[in-house]
Amino acid sequence: MKKAVISCCLFLLALALFTNHKQTPTDSNQTINAVLGDISLIEKYGVIPEYLSEKERIQTHLTYVEKILRKRETAHLPEELKRRRASLLDQLHAYIGAGLFPKNYDHPGERRPCFIDKDGNICAVGFLIEQTAGRQLAEKINAAHQYDRIFDMKTPELLAWVESSGLTLEECAMIQPAYGAPPSYNYNYISNGYGLPSAVLGGANLSLNAVNLIQIAQGSDNKIVPVLGLAAGAGSVILGAANFEKDYYSGMGRYPETNEAKKALSMLNIGLGTSTIILSVWNLLADKTVPVSEKKVSWNVYSFPTETQEMGVGFSLKKQF
């Protein structure tokens with residue numbers, strides 16, 4: 001019996017932790033960068049966040065790449081290329097802080113580089129070219145390779161710029177982000193990976209709460225239910241806390257946006273789990289040696305048939321004077 005209880009507890013806890021485990025996408029068309037993939041996001045957050053504004057996603061990647069490039073050995077470069085490289089990285093840092101990034105208007109459902117979008121916003125590599133070689137060259141590259149990756153760009157002037165920049169073609173490709181389509185958020189969306197465990201744990205918590213109340217009222221010494229209640233309650237609290245929705249900015253407006261449905265479900269999970277833990281601890285620690293008939297305060301949960309022949313649930317509280 002003990003083994004069965006332990007197994008059940010472990011199952012409930014594993015179910016709660018299930019939604020925290022996210023796999024790194026293997027489709028390179030969905031990653032932030034063709035060379036590095038989404039390693040910048042994993043480095044910062046530990047996982048690839050389910051909800052993250054496009055602006056923050058790009059800034060996270062570019063900040064990560066800037067850090068890598070500044071640490072790379074440059075002893076083999078001539079002094080002039082060292083200075084140009086350092087200057088370009090300083091300009092990249094300023095570009096990251098400004099946060100004015102292009103959007104991928106023409107390839108919905110796929111992350112693609114975009115040199116200059118229809119609003120005139122320019123990508124990171126394009127910005128560096130613009131600042132050092134002029135907007136005209138950036139526009140020429142954009143006309144031929146707006147949505148191409150650096151490795152696929154054949155414009156001679158671009159390759160010449162790379163040669164004189166102090167950066168390698170691979171490093172420019174590392175900088176180049178891939179952009180998603182302009183966001184169209186469903187702020188009430190709850191994924192199956194969160195909704196299903198919530199439903200299972202929620203039903204388990206409600207059932208265990210009811211049985212805990214009955215056992216407390218009847219003075220039952222059975223420990224299985226409160227132990228399961230502790231596991232289910234802890235599972236719900238962990239699940240709710242791990243998936244609690246944070247306010248974020250999509251870049252489309254001044255005010256923070258929130259998935260209110262997900263936040264409400266998280267609060268419900270935390271509250272329901274907490275109540276189950278409290279009742280389970282009470283059930284475990286309550287003094288049940290005093291007969292129910294001798295208690296000055298007693299209560300009970302009971303069922304009764306309604307006028308429509310359905311089953312109702314009642315609660316009674318008695319105090320002896």
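Values in this text are rule-based calculations from the coordinates and carry no lab data. Quick caveat: nothing in here was measured; it's all calculated off a predicted structure. All Cβ positions, glycine included, derive from the backbone under ideal geometry; neighbour counts span all protein chains shown.
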Inset, instruction - Based on alpha-carbon positions alone, could you give the equivalent ellipsoid semi-axes of segment 65-194 from the gyration tensor, as √(5λ), descending, whole Å? - result: 29, 18, 13
Inset, instruction - Could you compute the FRET efficiency for D119 and A75, with r as their C-beta to C-beta distance and R0 at 41 Å, rounded to 0.05? - result: 0.50
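Tell me, in nm to one decimal, what length is gained between T168 and T63 on full extension, where the rule is 0.36 nm per residue of separation less the Cα-Cα distance? It would help to have the intermediate numbers written out before the result.
Details: separation 105, 0.36 × 105 = 37.80 nm, distance 1.80 nm.
Going from the current span to full extension adds 36.0 nm.
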Inset, instruction - Mind giving me the FRET efficiency for I42 and Q136? R0 is 30 Å, r the Cβ-Cβ distance, nearest 0.05 is fine. - result: 0.20
Legend entry - Karplus (6.51, -1.76, 1.60) ³J(HN,Hα), θ = phi - 60°, over segment 31-39, in Hz, Gly and Pro reported as x: 8, 6, 8, 5, 8, 9, x, 9, 4
Inset, instruction - May I ask which of K67/K140; K55/K154; K55/K263; K103/K154 have a Cα-Cα span longer than 27 Å here? - result: K67/K140; K55/K154
Legend entry - Per-residue ³J(HN,Hα) for segment 78-87, Karplus 6.51 cos²θ - 1.76 cosθ + 1.60, θ = phi - 60°, Hz, x for Gly and Pro: x, 4, 4, 5, 4, 5, 5, 4, 4, 5
Inset, instruction - List the relative contact order of segment 67-179 as a percent without decimals, with contacts defined as Cα pairs under 8 Å and 6+ residues apart. - result: 29 percent
Legend entry - Note, ³J(HN,Hα) from phi for segment 45-57, Karplus 6.51, -1.76, 1.60, rounded to Hz, x at Gly and Pro: 9, x, 9, 8, x, 5, 10, 7, 4, 4, 4, 5, 4
Legend entry - Sequence ranges 159-168, 231-240, ranked by mean other-Cβ count within 10 angstrom, highest first: 231-240, 159-168
Legend entry - Per-peptide average of other Cβ atoms within 10 Å, ordering 76-83, 115-122 highest first: 115-122, 76-83
Legend entry - Gained length - A94 relative to K82, 0.36 nm times residue gap less alpha-carbon distance: 2.4 nm
